[in-house]
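Accompanying notes for the structure given below.
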Amino acid sequence: MDDLPVAFARCFSGTEGHQVLTALRRLYLERRLVPSARDAELWHLEGQRSVVAHIIAMIERGRAGLGPAKMSIHG
């Protein structure tokens with residue numbers, strides 16, 4: 001499991017990974033609910049945000065452990 005952050009970093013290092021991460025940020029981190037949203041809707045969105053935040057944190061940890069040459073999507 002020690003290399004899991006590196007796997008996240010490699011997975012999201014290419015063009016497709018960047019597109020997916022951008023979509024996740026837009027769909028979940030930048031999403032706003034209306035003031036009349038129910039508690040269940042708020043908790044659901046918070047759970048989604050938590051997962052995306054975890055993915056981003058893993059990517060950042062993995063990138064910190066990789067040099068520029070090792071960030072290639074081809075290994």
Next item on the list: Rounded to whole Hz and in sequence order, give me ³J(HN,Hα) for the stretch 27-42 from the Karplus expression 6.51 cos²θ - 1.76 cosθ + 1.60, θ = phi - 60°, writing x for Gly and Pro.
Entry: 6, 10, 6, 9, 6, 10, 9, 6, x, 8, 4, 6, 4, 4, 5, 5
Item checked: Order of exposure, largest accessible area first, which applies to 52, 34, 6 with probe 1.4 Å -> 34, 6, 52
Item checked: Answer label, with Cα extents along the principal axes in Å calculated from the coordinates and candidates (1) 39, 20, 18; (2) 36, 20, 19; (3) 49, 25, 14 -> (3)
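List the longest stretch of the chain that has no exposed loop site; here a site is one of the trypsin sites (Lys or Arg not before Pro) assigned by DSSP to anything other than H, G, I, E or B, with at most 10 other Cβ within 10 Å. Display every interim value, and only then the final one.
Details: sites that count: 32, 38.
Between exposed loop sites, the widest span is 39-75.
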Checklist line | Cβ-based charge dipole, the chain, positive-most Cα from 42, 55, 23 | finding: 23
Notebook entry, point to check: In nm, to one decimal, how far is the residue 20 label point from the residue 42 one, both placed 7 Å along Cα→Cβ?
Noted result: 3.2
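The values are calculated or read from the model by the stated rules, or taken from the named source; none is laboratory data. Note that this is a predicted model, so its numbers are computed, not measured. Using ideal geometry, Cβ is built from the backbone for each residue, glycine included, and neighbour counts are taken over all protein chains shown. Side chains included, ligands, DNA and RNA excluded: accessible areas come from the protein's heavy atoms. Shrake-Rupley method; radii C 1.70, N 1.55, O 1.52, S 1.80 Å.
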